[in-house]
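See structure below.
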Amino acid sequence: MSTESKTPVDDIKPASLWFRIIDSDLFNSFIRKPVIVASAIITLLIFAIALFAPWLAPHTPFNPSSLNLMDGFTPPMTANEFTGNEYLLGTDNQGRDILSAIMYGTRISLFVGFAAVGLAALIGITLGLLAGYKGGWVDGLIMRIADVQLSFPAILLALLIFGVARSILPPRVMDEATVWVLVVSIALSDWVQYARTVRSSTMAEKNKEYVQAARLFGVPAPLILLRHILPNVMGPVLVIGTIGLALAIILESTLSYLGVGIPPTQPSLGTLIRIGQDFLFSGEWWITLFPALTLLTLALSVNLLGDWLRDALNPRLR
Amino acid sequence: MSNLIKHVVAGVAVSALALSVTAAAETLRWSSAGDSLTLDPHAQNEGPTHTLAHQIYDSLVFRNMDMELTAGLATDWYVTDDPTVWEFKLREGVTYHNGAAFTAEDVVFSIKRAQHDNAGVRGLLGTIADVIAVDDHTVHFVTNGPDPLLPNNLTNLFMMDKDWAEANNVTQVQDFAGGEETYAVRNANGTGPYRLVSREPDIRTELERNEDYWGMGMFPLEVTRIIHTPISSAATRAAALLSGEIDFLLDPPVQDLQRLENAAGITVRSAPQNRTIFFGMDIARDELRQSNVTGANPFSDVRVREAMNIAIDREAIRRVVMRGQSVPAGMIAPPFVNGYTEELDAIPAVDRDRARALLAEAGYPDGFSATLQCPNDRYINDEAICQAAVSMFGQIGLDIRLESKTRSIHFADLENHLLDFYMLGWGVPTLDSHYVFTFLVESQSGSGGAFNFTNYANAEVDAMIQAMTSETDLDVRNQMIADVWEIVQEEMMYLPIHHQVLNWAMKDNIEFNVQAEDQPHFMYMTFK
């Protein structure tokens, strides 16, 4: 009893950042779930491998002059019958080291994923804030566009955008810009979720006292949106972004698998799977299996993280 | 009396045959990587396009499945007393699918139509000065000088109905390179064994037997309905045959041959193909369109071409990319062809050091960059061959970028002369080197050089090629052929890769021999 009364409020030292993280609800819920910890470790590991691929990869798979055709179709951990070279995960039909190709391919897949999520979030948040804050016909217009877009499957829309870009851009430009066209097509088919979520949060926030107060002070609307409302609607966006990353990676792979994405000279994971598929019947399973496993692991880990983040940030589920 | 018996026996035989024809009503579902580019029979001189046209249209002279010349819409042909005039006797009682009668007027119309600048087949008709209808069933071909091989050039030359063409405004050949669409591109009216039921390009084409065909009883014609669904993915194509979704596969993937052969109920038939795959480059242009070299065209230097030629490891391509299903080539004509010799076809030894030295000598010690354009659904493993070649060129210091696309775009780009460096395959339906020369070597003018996208022009060579057509002394003519080949080889005009080996996979109740032109004429197909 007495000790309690002896501790004045201003005696408490500001906790260190590290301590605040360790002590947070989020961290506690994280550390208590081994699956989530494993997912996080795997995700970080894959990110790191992709990031440092040029230094880690044993070969340079995107440099055609480094390939030896006679190394083609070498099975994993077996010496090639002509050259005697050995590769941990084998080689593809051009003699490209599968392990290195996966490292570089993951790099492209992740880049497209992050860039697409970033662009989709930017478009979605901007339109969502605008719709939620302004209301009226602006809200109506933006949300109807979103509804129309939702009625199309994302893959169809991405294919459409990709097809239009291919016919508009000259082939040379298109080749160089393929990655960016992919980013744009995935982002444009993905922004709706951000817009909807941000809009509903904004509508709830805009009538709260702090926003009213800011308005009374005469703070201009864009500043209110950015400074006051945006930070309060970011939680759900983070969750959608994480799940969106997994979806974007899968969508990129799907497009590349369908042959409209990254060209085979610089394969992403989806392109690698597509190339390998042609050799499934003939028994060269490693060309498609290892990239597919990588994609599966990556998408699963990121997805699990996203799911966990959604539950952890949802006060009703605590 | 004996004559009467003969007639009766013949009559019984014919009706028995007719009975067996109707008894074996078979639908044939087949697939290949690509589809015909157009139904206009004169617009393109290209394998898959001719394959479909052969089912619907007839030519005057047929080349049967054993590559022999046989009577088609013409029953007889011979050189008249004037050595520059061929007389063709036409088959009587032949009707088009719309019921109109086939006459000499249609032959005159079709040949003249096919000589138009838009016509991809015009190179076949370079020697023809005029076509004259003598009567309803006799036609005279007047040639510029004697042309002893004229009938060989008519096997892929299809006969169209003049009235139908006029009624539908298609008397002019479609401008394929310009992307023109005409009525004849999606509709057809031939005299052939099958009539068009429906067509969705690149998706599905359905044909049914022409019950009024003049060849009823002469050819097996056991297939009554043909459904063609192109499948571009190699694995899916093989799976379609394995699962029984299709009965016949024109181009089984080379990696799956073993598996298809081992599968119950499926046979694979092989034969060397009348087609050579090679690279060509624009050697006349002042500057390449896509290169880091400005003010000069590296390809116009024969040392550069030689360096590239000895950089290609053809044996590695055969072994890995083609899984043994190819014959490495040193010349751009397959062994069936008159003028072929083993010396010309010997492949150069791979020598990267010498290649680098040659490049340095030509002024490119650090190499140069260029773009290679390839189709990805035309030849067996075309894209994979190009990828392999790019890495081989990389090993001598050339930075070659690969652009691969579907064949309709690739061929249109070629005809519009947009490509610096390209892949092409060439078969020789006439089985004579002149066909190679007139399409690929002769300079571009009139009917000559229709596929000479290298823009190579040599007046001396042109004169020799033109002289060849009217040379009647075979020994002299063969010497001319040998001389032209020598120049083509010396100039390294093209970089040959290999002769294709054909494999057709089919259900094992089908009797069908591989035809070296890779053109299945389904009226010859029979069933066990």
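Throughout, read-outs are computed from the coordinates displayed, never taken from laboratory work. This structure is a prediction, so every number in the text was calculated from the model and none was measured. With ideal geometry, Cβ positions are generated from the backbone for all residues, glycine too; neighbour counts draw on all protein chains shown.
Using the per-residue mean of other Cβ atoms lying within 10 Å as a proxy for protection, in what order, highest first, do the peptides A:149-159, B:491-501, A:196-206 fall?
Details: A:149-159: 15.0, B:491-501: 23.4, A:196-206: 20.4.
Peptide ranking by packing, descending: B:491-501, A:196-206, A:149-159.
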Over chain A, what is the mean sequence separation of C-alpha contacts under 8 Å (at least six apart), divided by residue count, expressed as relative contact order in percent?
20 percent
Treating the angle as unsigned and between 0 and 90°, give the value, to the nearest 10°, between the Cα long axis of helix B:47-56 and the longest Cα principal axis of chain B.
10 degrees
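Using only atoms on other chains, find how many Cβ atoms lie within 10 Å of each Cβ of peptide A:64-77 and report the average. The partial results should precede the final answer.
Numbers: counts 13, 12, 3, 7, 7, 13, 5, 2, 6, 5, 0, 0, 0, 0.
Other-chain Cβ atoms within 10 Å of each residue's Cβ, averaged: 5.
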Enter the mean number of other protein chain beta carbons within 10 Å of the beta carbon of each residue in A:279-287, as an integer.
4
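Hey, fewest Cβ within 10 Å first, where do B:Asp247, B:Asp286 land in order?
Values: B:Asp247 23, B:Asp286 9.
In increasing order of surrounding Cβ atoms, one gets B:Asp286, B:Asp247.
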Straight-line reach only, C-alpha to C-alpha below 12 angstrom: list the aspartates and glutamates that B:Lys528 could link to, leaving out same-chain residues fewer than 8 apart.
B:Glu26, B:Glu222, B:Asp508, B:Glu511
Relative contact order of chain B, please, whole-number percent, based on alpha carbon pairs below 8 angstrom and at least 6 residues apart.
20 percent
Within the stretch B:289-326: backbone nitrogen closer than 15 Å to the B:Ala357 label point (7 Å, Cα to C-beta):
B:303-304, B:306-308, B:310-311
Average other protein chain Cβ within 10 Å of Cβ, residues B:323-335
0
Burial ranking of peptide ranges B:164-171, B:37-44 (average Cβ count within 10 Å, highest at the top):
B:37-44, B:164-171
Gaussian network model of chain A, Cα within-10 Å springs - most flexible of A:Gly95, A:Gly113, A:Gly84:
A:Gly84
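Within 10 Å of each residue's Cβ, count the other Cβ atoms and sort A:Ser66, B:Ser32 from fewest upward. Display every interim value, and only then the final one.
Values: A:Ser66 16, B:Ser32 25.
Result, fewest neighbours first: A:Ser66, B:Ser32.
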Those aspartates and glutamates that a straight Cα-Cα span of less than 12 Å connects to B:Lys405, excepting residues fewer than 8 apart in one chain
A:Asp175, B:Asp377, B:Asp382, B:Glu383, B:Asp413
Burial-style ranking of B:139-145, B:87-93, B:310-316, A:160-166, average other-beta-carbon count within 10 Å with highest first, yields B:310-316, B:139-145, B:87-93, A:160-166
Under unit Cβ charges (Lys, Arg +1; Asp, Glu -1), what dipole magnitude, rounded to 20 debye, does the stretch B:273-501 have relative to its Cα centre?
920 debye
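Just want the ordering: B:Asp175, B:Asp147, A:Asp147, from fewest to most Cβ atoms lying within 10 Å of their own Cβ. Before the final figure, lay out each step's value.
Values: B:Asp175 17, B:Asp147 26, A:Asp147 11.
So the ranking, lowest neighbour count to highest, is A:Asp147, B:Asp175, B:Asp147.
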Between A:Ala38, A:Ala131, A:Ala121, find the one with the highest GNM mean-square fluctuation for chain A; connect C-alpha pairs within less than 10 Å.
A:Ala38
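When the helices in the protein assembly as shown are scored as -39500 (n - 2.57) per DSSP H run of 4 or longer and the sum is shared across all residues, what 222 nm value do you end up with, to the nearest 500 deg cm²/dmol?
On the way: 29 runs with 359 residues, N = 846.
Result for the protein assembly as shown: -13500 deg cm²/dmol, rounded to the nearest 500.
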Over all distinct Cα pairs, what is the inverse of the mean 1/r for chain A, reported as the Kirkwood hydrodynamic radius in Å?
22.5 Å
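Relative contact order (percent) for the stretch A:238-318, with alpha-carbon contacts under 8 angstrom and 6 or more residues of separation?
Numbers: 85 pairs, mean separation 26.1, N = 81.
With pairs under 8 Å counted, the relative contact order is 32 percent.
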